[in-house]
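K.L.:
Got a structure for you, questions after.
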Ligand SMILES: NC(=O)c1ccc[n+]([C@@H]2O[C@H](COP(=O)([O-])OP(=O)(O)OC[C@H]3O[C@@H](n4cnc5c(N)ncnc54)[C@H](O)[C@@H]3O)[C@@H](O)[C@H]2O)c1
């Protein structure tokens, strides 16, 4: 018995990198997988047949998979991807919004096309693929479904030269929080991944810093993301929703969500003198909060859990 036996799953951008590992792992755990990938270059230009290669690999290993080459970046593409899964499997339970591209430039050089292309694949792509699935869940009253979205430290923490990508990835975290609320009554969970893995998107950046990276090692390769996504897709994660999990360098962690960590109440309209007193106290509160969180977040050995 596999933990995903009988589940129909869509994994977007599953022809390479992290998505490919998720599709393979889903199939190993019994899911029927729609392997979606447009197959273009890392900047989103062009197209190719990588989805079919991964679907064939799954079938050769005894699993069930079909390929789909549509783009996540349009409403028609999102509909076609979802319909392909329904046609193939008769039902759908899991959607992994993983497809991605990069157009890194500082804002000074960021052209409209670089902004639009990244927004279209990432932020709009999440909308285009999630909407048909959400409507299907409501129309069929299907229970126990999963949506697993892909954000990034670029959007959650910030990264130089990625204002387009960071804005899209922060938007995905916000989108996911809202979707978790909207789909809760159908027992559909919505969680977000912040991954760190050596793939064609990141290897050039890491090597640009003069660092060598072994994409086959368990701590650096894309395979480390897949087991966590499989767990989130499985019944074990029935009660886990609205969360952001950071998976990188062999560790898995849960990220904090935006929250007020200290506040003051005014006695009348704020004066500049009031703010001269209050604002430094708020900034200090933030600094000590960050310091404490940093210490608490240091990866612990697995033996620290109660298993
Ligand atoms: N690798 C990391 O460290 C890292 C860090 C943060 C976030 N991410 C995110 O993880 C996800 C996977 O990235 P990866 O590193 O595996 O990259 P990757 O380039 O190896 O894989 C992404 C896949 O998405 C496909 N794709 C791109 N545009 C598409 C479209 N319009 N429709 C369908 N498929 C499309 C590509 O063809 C590619 O095969 C992305 O959302 C990325 O932003 C990755």
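FYI, it's all coordinate maths here, none of it is from the lab. This is a predicted model, so every value here is computed, not measured. Cβ: placed from backbone, ideal geometry, glycine included. Neighbour counts: every protein chain shown.
K.L.:
Just give me the residues in the range 131-169 being more than 10 Å from the ligand (Cβ to nearest atom) and in contact with a strand residue (DSSP E or B) (Cβ under 6 Å, 6 or more places away or on another chain), in sequence order.
P.N.:
Matches in the range 131-169: 133, 146, 147, 148.
K.L.:
May I pose another question? Looking at residue 123, is it touching a helix residue (DSSP H, G or I) at 6+ places or on another chain (Cβ under 7 Å) and over 20 Å from residue 3 (Cβ atoms)? Give the steps one after another, and end with the answer.
P.N.:
Numbers: touching a helix residue (DSSP H, G or I) at 6+ places or on another chain (Cβ under 7 Å): yes; over 20 Å from residue 3 (Cβ atoms): yes.
The answer is yes for residue 123.
K.L.:
Cβ contacts < 8 Å: first residue within 14 Å of residue 26 (Cβ to Cβ) and touching a residue at least 40 places away in the same chain (Cβ under 8 Å), restricted to the range 49-60; second residue within 14 Å of the ligand (Cβ to nearest atom) and assigned to a helix (DSSP H, G or I), any location; separation 6+ or different chain. Result?
P.N.:
54/20; 54/23; 54/24
K.L.:
Only one of these is more than 8 Å from the ligand (Cβ to nearest atom), closer than 16 Å to residue 8 by Cβ and exposed (fewer than 15 other Cβ atoms within 10 Å of the Cβ): 63, 90. Name it.
P.N.:
Numbers: 63 fails: exposed (fewer than 15 other Cβ atoms within 10 Å of the Cβ).
Criteria check complete, one pass: 90.
K.L.:
Say we look at the range 7-40 and pick out the residues that are without any contact (Cβ under 8 Å) to a residue 40 or more places away in the chain and surrounded by fewer than 24 Cβ atoms within 10 Å (Cβ to Cβ); which of these is farthest from the ligand (Cβ to nearest atom)?
P.N.:
Going residue by residue through the range 7-40, those that are without any contact (Cβ under 8 Å) to a residue 40 or more places away in the chain are 15, 27-28, 30, 33, 35, 39.
When the remaining residues are screened for being surrounded by fewer than 24 Cβ atoms within 10 Å (Cβ to Cβ), the result is 28, 30, 39.
Values: 28: 18, 30: 23, 39: 5 Å.
Result: 30.
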